[in-house]
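As structure tokens, the structure follows; a few thoughts come after it.
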Amino acid sequence: MGVVRNEHEREIASPAEVVGALFDRLSAPDDPVFPTPAWPAMTFDGPLAVGADGGHGPVRYRVTAYEPGRRVRFDFTDASGGFHELTVEPLGERRCRVRHVLETEPKGMDRLLWPTVIRPVHDTMVEEVLDNAERAATGTCARPVHWTPRVRLLNRLDWPRPEAVDWPEGARLIRTALDRPGYRDAYRMPLLPGLPRDPGAWAGVLRGAFPVVARAEGELLLDVRVTGLTARASIHVDDAYVTLSTAARADTLRGRLYWGVVRRAHPFMARLMLRRTHRELALAAPSAGERARRAAPDAARFTPSGRLI
């Protein structure tokens, strides 16, 4: 396989300066176009500018050209090299064309992965970027992209895994929930833009009718009732992560026997439930374009013919 060139473009019924300003906010906390939280967010080590280094997920690149409101180019930093670039071209006063171009030369395993894995995901993500630009600029999207079964499967398989951590400093309820807990753990996942910040929205992690025994800023404490076992679960949300923490203590012989068996499966189940809920909430979240419209409801909108409404 030689050099791969992949192009996407869309005409949007909105002035080029309006659409270009949306792309100027790429990687910002209020990024209105990149399709997160369904996909990893675009992040850099600083603001969008020439020299900024970062990427999204495992794809790494550096900003090598930037004309605010008109063009931004990212050069890949891996062995395959190449670039991807976004441009906004005026088509009169109230219409513009957005084009995304990717060029790269897959090497090694990437020559097999490009047609089977990388391209389907790439094509979907780029179309979602264009969908979001259209939504944010006009308030609607005429033909939004739909995930194929392959893309849905790849998204599920590549969803990030929770990492084991200590109890968060801000999780005060779990720290005082039990005297002398015999077991404690915590697992966290990144809180991507668009995911709910209310810990109550994450209560479905445990998939059971566990009563809420306490609430605090950014934290929910649940009572996990099992005969012979006293256990509490905490859902803590801060600016960067959602964390599921557990404290347990066996109070009777029956409880010790039960926990001796269950604790082997508990880490797996805790990670599984947190990851599953994380993905479900991400896929159900409003798109970046929808969030941008809600944040600026009075922004100018244009019909497909370019008429202001």
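Worth a mention:
- Members of region 163-214 found to be of a type outside the set (Val, Ile, Thr), modelled with pLDDT of 95 or more, in contact with a Pro (Cβ under 9 Å, 6 or more places away or on another chain) and not in a loop (DSSP other than H, G, I, E, B), listed by number: 164, 185, 186, 187, 188, 189, 190
- Tabulated pairs, region 262-276, first more than 10 Å from residue 205 (Cβ to Cβ), second part of a helix (DSSP H, G or I) and modelled with pLDDT of 90 or more, C-beta under 9 angstrom, 6+ apart or interchain: 262/269
- For the residues 307, 264, 254, 249, the requirement of being at pLDDT below 90, more than 29 Å from the chain's Cα centre (by Cα) and farther than 30 Å from residue 97 by Cβ singles out 254.
- For region 281-293, the condition of being more than 30 Å from residue 141 (Cβ to Cβ) and crowded, with 18+ Cβ neighbours inside 10 Å holds for none of the residues.
- Here is the figure for region 232-256: residues that are more than 28 Å from residue 192 (Cβ to Cβ) and either of a type in the set (Asp, Glu) or without any contact (Cβ under 8 Å) to a residue 24 or more places away in the chain (or both) total 1.
- Checked against (1) of a type in the set (A, V, I, L, M, F, W, C); (2) at pLDDT 95 or above; (3) over 20 Å from residue 271 (Cβ atoms), residue 244 passes all but a single condition, namely (3).
The values are calculated or read from the model by the stated rules, or taken from the named source; none is laboratory data. Values in this document were obtained by computation on a predicted structure and should not be read as measured data. Quick reminder, even Gly has a Cβ in these numbers, built from the backbone with ideal geometry, and neighbours come from all protein chains shown.
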